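Read-outs throughout are calculated quantities, based only on the coordinates presented, and are distinct from any laboratory measurement. The shown structure was predicted, so the numbers you read here are calculated from the model rather than taken from an experiment. Backbone-built Cβ (ideal geometry, glycine too); neighbour counts: all protein chains shown.
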């Protein structure tokens, strides 16, 4: 009789010990990695990029020359391109976004990779004659949080300035 109780008792002890061990080995899922901390060292709107350096940076209260006039061509400056240049540090690899707004309406969002620190990147927007008026560019992190906002305007002559 003692033998018949001994085997079920041993099996019960092994099962209970196995369950306890299994519970001890369960781990919580790894915590989500925090978003990298990005610092905007420079963010500008400009008329060109040369050797990863912004050219023709828009200034407050100072109109940029229309692109064709600046090249000595005269005539209609439209369409032309404006560039959003951003220099970022800390938090690579990451992604940022350039969100271009015209008259407070989102026109285009461009995702840009950040591969090192510091990192320089840019996007461009073609400006058409019907796009005269107030513009805004938001530099956003990957989650859409705004890191920097730049307000600017384009007039009927193709001149641009910060606002």
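Could you please rank 88, 110, 96, 127, placing first whichever residue has the fewest other Cβ atoms within 10 Å of its Cβ?
By the 10 Å Cβ count, ascending, the order reads 110, 127, 96, 88.
Assign one of three labels to the stretch 39-162, namely rounded, prolate or oblate, based on the Cα gyration tensor with a ≥ b ≥ c the square roots of its eigenvalues; rounded applies when a/c is under 1.5, prolate when it is not and a/b is larger than b/c, and oblate otherwise.
Details: a/c = 2.31, a/b = 1.66, b/c = 1.39.
Because a/c hits 1.5 or more and a/b exceeds b/c, the stretch 39-162 counts as prolate.
Can you sort 113, 123, 89, 160 from fewest to most other Cβ atoms within 10 Å of each residue's own Cβ? Numbers along the way, then the final one.
Details: 113 11, 123 21, 89 16, 160 26.
Lowest to highest Cβ neighbour count: 113, 89, 123, 160.
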